[in-house]
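Here is the structure we will look at, set down as structure tokens.
The values are calculated or read from the model by the stated rules, or taken from the named source; none is laboratory data. Bear in mind that the values here come from a model prediction, so they are computed numbers and not experimental data. With ideal geometry, Cβ positions are generated from the backbone for all residues, glycine too; neighbour counts draw on all protein chains shown.
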Amino acid sequence: MSDVDTTRTRAQAATDAAQGMGVEARSQAQLVLRRFLRHKGAVAGLIGLGAIVVLAMSSIGFGPIPGWWPKDFATTGTLVNEGRPTLSVWPSFLGGPGFQIGEHPFGQDNVGRDYFALTMRGAQVSLIIAFIVGIVATFVGTVIGAVAGYFRGKAEASLMRLTDVVITIPTLLFAGLVAVMWGQQGIVVLGLVLGLVTWTPTARLIRGEVLSIREKEFVTAARSFGASSVRIITKHVLPNTVGIIIVSVTLAIATAIILESALSFLGLGVQPPDTSLGRIISDYQNALTVRPWLFYWPGLFIIGIVLSVNFIGDGLRDAFDPRQNRVRD
């Protein structure tokens, strides 16, 4: 019997033994999904982020799709009750008015615009920019890290020196510079250029992982069969770094939310007449002591998005890393 037949026989015997013990054979994807769903924080983060996305996109509509909220974020009006929020969740049996939504649940701003609609538009823009940044930064970092880690030599030296140069430049300063140059082109362009300045952590993580994977037996076997470097990277190396790539996306999204908010707060991000969560906080920062609801509603959404994404990333890290003991299979 050949070595291959022996290996197959042992694998079949292990499978039969597992089935005989009542253990269901699971694929790697099923194991990852099982670990993720057993991570309470990750599930809570997924539910929270999903709720925010659905609320922001469905309430005021997106593009040609209308929303269920009757008010527009750009329409001004007359202040009602000094623009105070009409939303109430204080139970009536505790002396409160009970659950009420009212005409302006988040209140009104200084010119009478509905603050719920305005906050929802800010959440839409911030989420769009964050997801674009996450995808672009992860893609660029993955390509640079994979090329540097696999080819080594001059390619690694030049790409890693470029990474080191970008890292030494303060991210907020660099992002502010590109935002001034291209931020007027719209939120999609802003997301693209911000993604091009936040790829360095992903590149270093992928490079370190590829340096380890390139020495594995299956990569050596692929080289001996004459597989090209591009095929080895795309078919053998990168699929084994999918866990790091997915986690990097979540980390990049969380970082992008904070970065966009900081730039918009400084007036370098999203430009009027559009808005974002950071832009709203910047516009109404002076109202913190007299009309605090103009400040804390967008702030709460920023905190909610960032925490949800971080919890999801934490759960994905534990799910993809078999060395983690926090979640059982």
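Take the conditions surrounded by 11 or more Cβ atoms within 10 Å (Cβ to Cβ), at pLDDT 90 or above and not β-branched (Val, Ile, Thr) and apply them to residue 45. Does it pass?
Numbers: surrounded by 11 or more Cβ atoms within 10 Å (Cβ to Cβ): yes; at pLDDT 90 or above: yes; not β-branched (Val, Ile, Thr): yes.
Criteria met by residue 45.
Please specify each residue of the stretch 127-150 satisfying the condition of being of a type outside the set (A, V, I, L, M) and either touching a Lys or Arg at 6+ places or on another chain (Cβ under 9 Å) or at positive phi (or both). Those that are of a type outside the set (A, V, I, L, M) and either touching a Lys or Arg at 6+ places or on another chain (Cβ under 9 Å) or at positive phi (or both): 141, 145, 149, 150. The single condition from (1) hydrophobic (A, V, I, L, M, F, W, C); (2) modelled with pLDDT under 85; (3) closer than 22 Å to residue 300 by Cβ that residue 68 fails is (2).
Wholly within the stretch 230-328, which helices (runs of 4 or more DSSP H) include no fewer than the required count, namely at least 3 residues that are surrounded by 19 or more Cβ atoms within 10 Å (Cβ to Cβ) and of a type in the set (Ser, Thr, Tyr)?
Here the list reads 242-265.
Residues in the stretch 48-87 that are farther than 14 Å from residue 104 by Cα and surrounded by 14 or more Cβ atoms within 10 Å (Cβ to Cβ): 48, 49, 52, 53, 55, 56, 57, 58, 61, 62, 67. If only residues of the stretch 196-206 that are surrounded by fewer than 23 Cβ atoms within 10 Å (Cβ to Cβ) and part of a helix (DSSP H, G or I) are counted, the one that is farthest from the chain's Cα centre (by Cα) is 204.
Report yes if some residue within the stretch 125-143 is outside any loop (DSSP other than H, G, I, E, B), more than 21 Å from the chain's Cα centre (by Cα) and in contact (Cβ under 8 Å) with a residue 40 or more places away in the chain; otherwise report no. There is no residue in the stretch 125-143 that is outside any loop (DSSP other than H, G, I, E, B), more than 21 Å from the chain's Cα centre (by Cα) and in contact (Cβ under 8 Å) with a residue 40 or more places away in the chain. Can you find a residue that is at pLDDT below 85 and of a type in the set (Phe, Trp, Tyr) anywhere in the stretch 187-199? No, because not a single residue in the stretch 187-199 is at pLDDT below 85 and of a type in the set (Phe, Trp, Tyr). Search the stretch 207-229 for residues being exposed (fewer than 13 other Cβ atoms within 10 Å of the Cβ) and of a type in the set (Asp, Glu), and hand back the single one that is nearest to residue 257 (Cα to Cα). Here the residue is 215.
Taken together, the residues in the stretch 173-191 that are over 15 Å from residue 129 (Cβ atoms) and of a type in the set (Phe, Trp, Tyr) amount to 1. Picking from residues in the stretch 169-187 that are surrounded by 15 or more Cβ atoms within 10 Å (Cβ to Cβ) and of a type in the set (Val, Ile, Thr), the one that is farthest from the chain's Cα centre (by Cα) is 178.
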